[in-house]
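Right, one structure below, let's go through it.
The values are calculated or read from the model by the stated rules, or taken from the named source; none is laboratory data. Because the structure is a prediction, the values reported are computed rather than measured. Virtual Cβ from ideal backbone geometry, glycine too; neighbours counted across all protein chains shown. Calculation scope for accessible area: heavy atoms of the full protein, side chains included, ligands and nucleic acids excluded. Shrake-Rupley method; radii C 1.70, N 1.55, O 1.52, S 1.80 Å.
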Amino acid sequence: MSALCPVRFSSFDPKALADVNGHLAILVTPEGTMDQAARSANRLTKGAVARLIASDDFAKAKTGQVITLAWPAGLAAEALHVLVMPRRVSAIEARKAGAKLAEARGSAPLTVKAGNMSRAADLALGLALRDYRFDAHKSQDSEAPAEVVICHNKPEELAEAYAPLQAVAEGVHMTRDLVNEPANVLTTTEFADRLAEMRALGLEVEVLEEDALAELGMRTLLAVGQGSASPSKVVVMKWNGGAAEAAPLALVGKGVVFDSGGISIKPAAGMEDMTMDMGGAGTVAGTMRALALRKAKANVVGLVGLVENMPSGTAIRPGDVVKSMKGDTVEIINTDAEGRLVLCDVLWYAQERFKPAGVIDLATLTGAIIIGLGHENAGVFSNDDNLCGAFLKAAEAEDEGAWRMPLGAAYDEQLKSNVADMKNVGGRPAGSVTAAQFLQRFIQEGTPWIHLDIAGVASVKSNTAYAPKGATGWGVMALNRLVQDMFEAE
Ligand code: BES
Ligand code: MN
Ligand code: ZN
């Protein structure tokens, strides 16, 4: 797994400012006020910082921006980063600034003179989130991330505040690693093995194999995987940090390790992107990791359906009729609408077995959600205003885009089948809504439920504020906060 950059907090200067190696960062307010470290850097560089503050570049600079002086005369450091930062900032501003510093330092060791900056733990989080490389398959350039030292007036307080944030960053990195991994490496078996390794963190992990799934009647899930050489699996991860009798929150993830479309095969162009079709399962895994690492005082169960959607002589065909675990029958019109077939069985199983207080599923479910919301917001569908409101609030606080979409019985018309209880596609209009509507048929009366369509946000083609291009880890932070807000409150 790609390691998080080590972050150390210190009160005094381990070295005099002049002798700091690697990259050095100092803080200057947007008004141009220097703190003690900035003044000292200014003195050593014979006024270079003051000249920068007087420049047009600085006048145009916004909060959180980094201006770099390369090879500053008078300092041993290779680069001096001037971070434009008011004395008081929001958590998100601090994270964004940390992310900018991560970009600016590249792979060099970094010392940040943060003085008495508020939200410095969030600065560290932003650094750790943005400091991510997926270089597992590069024969060169695979180095452990360089250290970050944050010098602050209250290092112990800061270290304490950072510990749970570091747990979340670990979870985000795990999700990204899983989502970025190619499908020949991250087979269903490899995925399950990586989840089983989380037993070391105190999670209970069960791997259900095909015979057990058949026994349970999960035939729609098995139907999706029946054309693949990789066996289908369901993995259950339990974190019991709450009261013994408290009903858990269930997180359910779509884990299609590769989505070729099956017999309804996808076009060649861009098909390689379908290695990320396990993004929902990846997010569930990363969230469970974060909860375990920070020893969350809540009961949460994560369930992922791991399958590969391939065309072959044994694959499901358009026109096949399959019976779900719930008992409802589905006419498969398009084998590329496979995610809902996986989820419906895992959703049903989660409710039957755990009687959860709430269910949240995550899935790279539809291309239509990308048409609707692009890469800025995940689609949020819910039958419960309370749970949904809490989730939207958590997502906003974590700066993870989420936008509520409608559900409604009128859309059910589009799912009517002549031969079975429903078809697996509802046609082009409202493609994301009919997919959600399909899932809702497998939600039991009275169970609060959210479906998150993350097809647009799980993996992106350009850098974001917190991640280099590729997997983002979207949702780990919002779900972690939701658990904290709603399930840990005493
Ligand atoms: N995995 C795809 C959805 C997807 C598309 C994820 C683009 C990420 C990026 C899903 O299984 C799929 O193929 N959906 C079809 C549904 C259609 C056949 C009703 C789609 O969106 O085209
Ligand atoms: Mn598909
Ligand atoms: Zn898919």
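Laid out as a table, the results:
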| quantity | calculated |
| --- | --- |
| Cα-based equivalent ellipsoid, region 7-153: semi-axes from gyration tensor eigenvalues, Å | 23, 17, 15 |
| Cβ-Cβ FRET estimate between Phe12 and Ser55, R0 fixed at 30 Å, reported to 0.05 | 0.45 |
| Top positive-direction residue, dipole computed over region 7-153 with Cβ charges, set Ala120, Pro109, Ala136 | Ala120 |
| Two-site label geometry, Ala163 and Asn184: point separation in nm, points 7 Å out along Cα→Cβ | 4.4 nm |
| Whole-angstrom gap from region 438-490 to region 331-357, using each part's C-alpha centre | 17 Å |
| Sequence of Asp336, Asp361 from largest to smallest accessible area, 1.4 Å probe | Asp336, Asp361 |
| Rounded accessible area of Thr464 (nearest 10 Å², 1.4 Å probe) | 50 Å² |
| Calculated FRET value between Ala73 and Ala246, using beta carbons and R₀ = 56 Å, to 0.05 | 0.35 |
| Angle in degrees between helix 385-397 and the longest Cα principal axis of the chain, rounded to the nearest 10 | 30 degrees |
| Pairs of Cα atoms farther than 21 Å apart, region 160-278, % | 49 percent |
| All lysines inside 18 Å of Lys138 as judged from Cα atoms, apart from same-chain residues fewer than 8 positions distant | Lys469 |
| Protein-only accessible surface order, largest first, of Met325, Met288 at 1.4 Å | Met325, Met288 |
| Label-to-label distance, nm, for residues given as Ile371 and Glu143 (7 Å Cα→Cβ offset) | 4.7 nm |
| Spatially proximal aspartates and glutamates relative to Lys393 (Cα-Cα < 18 Å; intrachain offsets below 8 disregarded) | Glu93, Asp361, Glu376, Asp384, Asp385, Asp453, Asp485, Glu488 |
| Pair Asn418, Arg88: separation of 7 Å Cα→Cβ label points (nm) | 6.8 nm |
| Mean separation of Cα contacts under 8 Å, 6 or more apart, over the residue count of the chain: relative contact order % | 15 percent |
| In degrees, nearest ten, helix 279-293 long axis to first principal axis of the chain (Cα) | 60 degrees |
| Signed unit charges on C-beta, dipole axis of the chain, positive-most listed residue Ala94, Ala269, Leu407 | Ala94 |
| Region 58-74 - phi-based ³J(HN,Hα) in whole Hz, Karplus 6.51/-1.76/1.60, Gly and Pro as x | 5, 4, 8, 5, 9, 3, x, 6, 10, 10, 10, 9, 7, 6, x, 4, x |
| Most to least accessible of Asp273, Asp453, Asp135 (protein chains only, probe 1.4 Å) | Asp273, Asp135, Asp453 |
| Gyration tensor verdict on region 1-52 (Cα atoms; rounded if a/c is under 1.5, prolate if a/b is larger than b/c, oblate otherwise) | prolate |
| Under 9 Å, Cβ to Cβ, from Cys344 - net charge with Lys/Arg +1 and Asp/Glu -1 | +1 |
| Counted charge near Phe381, where neighbours are those whose Cβ lies closer than 15 Å (Asp, Glu -1; Lys, Arg +1) | -1 |
| Integer Hz, Karplus 6.51/-1.76/1.60 couplings in order for region 464-480, x for Gly and Pro | 9, 4, 10, 8, x, 4, x, 5, 9, x, 3, x, 4, 6, 5, 5, 4 |
| Accessible area in square angstrom per residue, the chain, 1.4 angstrom probe | 40 Å² |
| Sites Asp211 and Glu272 - FRET efficiency at Förster radius 51 Å, r taken between beta-carbons, to 0.05 | 0.95 |
| Rounded if a/c under 1.5, otherwise prolate or oblate - region 340-387, Cα gyration tensor axes | oblate |
| Unit charges at the beta carbon, dipole of the chain: most positive-side option, Pro72, Thr220, Thr364 | Pro72 |
| Percentage of interatomic Cα-Cα distances in the chain larger than 45 Å | 18 percent |
| Proximal lysines to Lys46, defined as alpha-carbon separation beneath 27 angstrom and excluding residues fewer than eight positions away on the same chain | Lys15, Lys60, Lys62, Lys100, Lys113 |
| Other-chain or far-sequence residues with amide H under 5 Å of Asn463's (modelled H) | Lys469 |
| Helix 431-440 axis, angle to the chain major axis (alpha carbon atoms, nearest 10°) | 70 degrees |
| Per-residue SASA entry for Ser40, accessible area with 1.4 Å probe, Å² rounded to 10 | 30 Å² |
| Karplus (6.51, -1.76, 1.60) ³J(HN,Hα), θ = phi - 60°, over region 322-338, in Hz, Gly and Pro reported as x | 10, 9, 7, 4, 4, x, 6, 9, 10, 8, 7, 8, 9, 6, 7, 9, 8 |
| Amide hydrogen neighbours beyond the local backbone of Ala25, cut-off 5 Å, H modeled | His81, Thr111, Val112, Lys113 |
| For the chain, share of DSSP beta bridges that run antiparallel, in % to the nearest 5 | 40 percent |
| Lys, Arg +1 and Asp, Glu -1 on Cβ, resulting dipole of the chain about Cα centre, debye, nearest 20 | 1420 debye |
